[in-house]
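K.L.:
Below: one structure in structure tokens.
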Amino acid sequence: ALVQRYIPRLAIPPPTHTHTSPPPHTRTSPQVFQSKTRTPPPKKQTKVESEPAHIVKVSTRKLEEQIEAHEKRIKEIDLEMLDPKVYADGLRMKELQEERAKVVGELTPLEAEWLRRACSD
């Protein structure tokens, strides 16, 4: 109540028009927003073998060594990414993230093959 006494009321004029749509010169027709070129439908993905042939031919011992090497590299990357200097370097972080994703992508079929062998024994 005290504040209202010391602050003068602003006189806000009423709107000069009652029409709510934009002026005619700013209206656009729907055709403006339609794309002139058609995007091709997404390509169908072909069925890919779950395990590459070279993994199936590897001995179990060699397979386990590869899995351990990949897991070790993932841990190294994770530790490097925890370093504040590396974290502050955006380019280096992006490189490490991409490398980590690549290593994880390589590790997944190795682990699947190891699991397949473990379950079939």
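The values are calculated or read from the model by the stated rules, or taken from the named source; none is laboratory data. Remember, predicted model here, so these are calculated numbers, not experimental data. Please note that ligands, DNA and RNA were not included when accessible areas were found on the heavy atoms of the full protein model with its side chains. Shrake-Rupley method; radii C 1.70, N 1.55, O 1.52, S 1.80 Å.
K.L.:
Just how much of Asp83 is accessible, in Å², when a 1.4 Å probe is used and the result is rounded to the nearest 10?
P.N.:
60 Å²
K.L.:
Taking θ = phi - 60°, what integer Hz values does the Karplus form 6.51 cos²θ - 1.76 cosθ + 1.60 yield along segment 71-82, in sequence order, with x for Gly and Pro?
P.N.:
Rounded to whole hertz, the list is 5, 4, 5, 4, 5, 4, 5, 4, 5, 5, 5, 6.
K.L.:
Continuing with this model, one more query. Provide the per residue accessible area, probe 1.4 Å, for segment 62-121, rounded to a whole number of square angstrom.
P.N.:
72 Å²
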